[in-house]
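The values are calculated or read from the model by the stated rules, or taken from the named source; none is laboratory data. Bear in mind that the values here come from a model prediction, so they are computed numbers and not experimental data. Here the Cβ positions follow ideal geometry from the backbone for every residue, glycine too, while neighbour counts run over all protein chains shown.
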């Protein structure tokens with residue numbers, strides 16, 4: 001083979017490879033605008049952030065937030081129901097453009113995805129009936145506690161739990177709540193809004209807060225490297241805070257105003 005034609009073939013192959021890479025790493029924000037659709041991973045079993053209404057359509061804080069972002073982008077929204085376990089994989093594998101699913105931020109998650117500014121208040125704690133005392137992690141000794149597998153409260157509680165605490169992990173929040181209401185576990189670790197929602201729906205076993213695990217506001221999850229999309233969503237969140245739209249969503253689903261430090 002002659003040297004010059006061989007070099008030309010190598011150069012042509014390199015150009016094609018670069019073009020292919022450009023296609024693979026195309027800006028997701030541009031793709032969303034071109035397609036006219038924003039695909040968002042949202043919760044389906046986590047009221048008031050996400051659940052199914054009487055008409056079998058998704059409702060909740062996170063659903064309203066997804067619609068708000070899509071409206072400001074001038075595109076339609078496609079909602080993809082997820083669980084605590086699979087919400088991040090849906091983002092990293094390209095099945096969703098954003099994750100709006102009561103997502104807390106921690107160093108391990110920050111290695112995998114990026115986060116926008118906070119859009120909703122949330123704190124995690126240990127909850128249980130009034131007659132069970134548990135003022136701190138040490139007081140959980142010998143008790144049985146339920147938690148949703150892979151949730152932020154699961155990760156944080158595991159760091160402080162005494163060795164003789166029995167932790168029962170469930171695949172979704174419905175499983176965790178059902179285990180508590182049926183008496184399978186004495187206590188649960190969950191979010192403040194979840195406990196409030198359960199207390200509104202049933203008086204079977206009241207949930208009162210025992211102690212806080214972590215203050216963990218909710219963030220929108222964005223795939224690594226999608227800086228333009230992250231910046232645009234931050235711009236939309238800031239505008240929604242300033243014009244009162246985010247306050248309205250909080251009032252509707254949390255029955256409380258947004259904290260000043262959000």
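One residue stands out in the stretch 240-258 among those that are in contact with a helix residue (DSSP H, G or I) (Cβ under 7 Å, 6 or more places away or on another chain) and at pLDDT 95 or above: the one that is farthest from residue 108 (Cα to Cα), namely 245.
Scanning the stretch 62-72 turns up no residue that is farther than 22 Å from residue 252 by Cα, buried (at least 20 other Cβ atoms within 10 Å of the Cβ), in contact with a strand residue (DSSP E or B) (Cβ under 9 Å, 6 or more places away or on another chain) and modelled with pLDDT of 95 or more.
Meeting the requirement of 1 or more residues that are under 30 Å from residue 31 (Cβ atoms), the strands (runs of 3 or more DSSP E) wholly within the stretch 181-244 are 218-223. Can you confirm whether the stretch 210-225 contains a residue that is within 21 Å of residue 46 (Cβ to Cβ) and surrounded by fewer than 16 Cβ atoms within 10 Å (Cβ to Cβ)? There is at least one residue in the stretch 210-225 that is within 21 Å of residue 46 (Cβ to Cβ) and surrounded by fewer than 16 Cβ atoms within 10 Å (Cβ to Cβ).
Here is a yes/no grid of residues against (1) in a loop (DSSP other than H, G, I, E, B); (2) in contact (Cβ under 8 Å) with a residue 12 or more places away in the chain:
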{"site": "48", "(1), (2)": "yes, yes"}
{"site": "71", "(1), (2)": "no, no"}
{"site": "77", "(1), (2)": "no, yes"}
{"site": "85", "(1), (2)": "yes, yes"}
{"site": "89", "(1), (2)": "no, no"}
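Looking only at the stretch 30-46, residues that are surrounded by fewer than 18 Cβ atoms within 10 Å (Cβ to Cβ) and either assigned to a helix (DSSP H, G or I) or in contact (Cβ under 8 Å) with a residue 60 or more places away in the chain (or both) come to 5 in all. Based on what the data block shows, is residue 136 touching a residue at least 24 places away in the same chain (Cβ under 8 Å), surrounded by fewer than 14 Cβ atoms within 10 Å (Cβ to Cβ) and over 12 Å from the mean Cα position of the chain (by Cα)? Answer is yes for this residue.
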